[in-house]
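Asker: First, the structure itself, so that you have it in front of you.
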Amino acid sequence: MDIKLSKSQYSQMYKKASEGTKWYLTIPKAFVIGGLICVLGEALLNMYSSYGLSEKNAGTATSITLILISAVLTGFGLYDKIAKHGGAGTLVPITGFANSVVAPAIEFKTEGLVLGLGAKIFIISGPVILYGTLASVIYGLIYYLFFR
C-alpha cells in the first residue's frame, strides 16, 4: 500500500509531530506525581514500622506493597492515566519497573502463555535487568581490583 503525500502535506505532518511540549507544565507535574509516590512509600514504611516490623522488614513490605499497587493499577489501566499526567514522575524505580513488567504481560496475553506472556513479559524491563546486572558486575570488579 503506497501512501502518496505532497510536500505541503508532509510539512504539515512534520510540524504537528515536532511540536514541543509545555515543559513548564510537564516538569512540575512529574515532580509532584513522583513526589506523591515517594510520600506514599514513606507512609507505608512508617505504617509497617508502627506495626512492629524491623526497619529491614518494613522496607521489604513497603517495596512489595508498592509493586502490588503498581501492578493492580496497570492491570486496570489506571497507571497509564497517571503516567499521562505524571510523565517521568511515574518512573520512580519500583513502581515504574513493576509497570514495565505487567504492561507487556497484559498486552500479549492473548498470544498464549508461552509465545505471548512468557516471551514478551520482560520486553521493556529486560534491558534494564541485563545492563543493571552487567554494570554491577563491572563496578564490583573495579572496586575489588582497585579499592579493597
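The values are calculated or read from the model by the stated rules, or taken from the named source; none is laboratory data. What you are looking at is a predicted structure, and each value in this text was computed from that prediction instead of being measured. Cβ placement follows ideal geometry from the backbone for every residue including glycine, while neighbour counts extend to all protein chains displayed. These area figures cover heavy atoms from the full protein model, side chains too; ligands, DNA and RNA do not enter into them. Shrake-Rupley method; radii C 1.70, N 1.55, O 1.52, S 1.80 Å.
Asker: I'd like to know how the chain sits against the 2.2 N^0.38 Å rule of thumb: what's its Cα Rg over that expected value? Mind showing how you got there, number by number?
Answerer: Values: Rg = 20.9 Å, N = 148, 2.2 N^0.38 = 14.7 Å.
Here the Cα radius of gyration is 1.42 times the empirical estimate.
Asker: Output the relative contact order of the chain, whole-number percent, from Cα pairs under 8 angstrom with separation of 6+ residues.
Answerer: Working: 103 pairs, mean separation 29.2, N = 148.
Relative contact order here is 20 percent.
Asker: While we're on this one: Pairs LYS15/LYS109; LYS4/LYS109; LYS15/LYS81: which are spaced more than 29 Å apart, C-alpha to C-alpha? Before the final figure, lay out each step's value.
Answerer: On the way: LYS15/LYS109 37 Å; LYS4/LYS109 36 Å; LYS15/LYS81 26 Å.
In this structure, LYS15/LYS109; LYS4/LYS109 lie more than 29 Å apart at Cα.
Asker: Which order do the peptides 108-120, 91-103, 9-21, 67-79 take when ranked by the mean count of other beta-carbon atoms within 10 Å per residue, highest first?
Answerer: Working: 108-120: 12.8, 91-103: 19.7, 9-21: 8.9, 67-79: 16.5.
Descending mean neighbour count gives 91-103, 67-79, 108-120, 9-21.
Asker: Enter the angle in degrees (range 0 to 90, nearest 10) between the Cα long axis of helix 126-146 and the first principal axis of the Cα atoms of the chain, meaning the one along which they spread out most.
Answerer: 50 degrees
Asker: For segment 35-148, give the percent of accessible area contributed by carbon and sulfur heavy atoms, probe 1.4 Å, rounded to a whole number. Please report the intermediate quantities before stating the final value.
Answerer: Values: 5670 of 7800 Å².
Roughly 73 percent, rounded to a whole number.
Asker: Keeping every protein chain present and rolling a 1.4 Å probe, give me the accessible area per residue for segment 75-137 in Å².
Answerer: Values: 4040 Å² over 63 residues.
Accessible area per residue: 64 Å².
Asker: Also, quick follow-up: How large is the helix-only mean residue ellipticity at 222 nm for the chain, computed as the sum of -39500 (n - 2.57) over DSSP H runs with n ≥ 4, divided by its residue count, in deg cm²/dmol to the nearest 500?
Answerer: Numbers: 6 runs with 106 residues, N = 148.
Mean residue ellipticity at 222 nm (helix-derived): -24000 deg cm²/dmol.
Asker: Which value in nm describes the separation of the simple spin-label points at TYR24 and VAL72, placed 7 Å from the Cα toward the beta carbon?
Answerer: My value for the distance between the label points is 4.0 nm.
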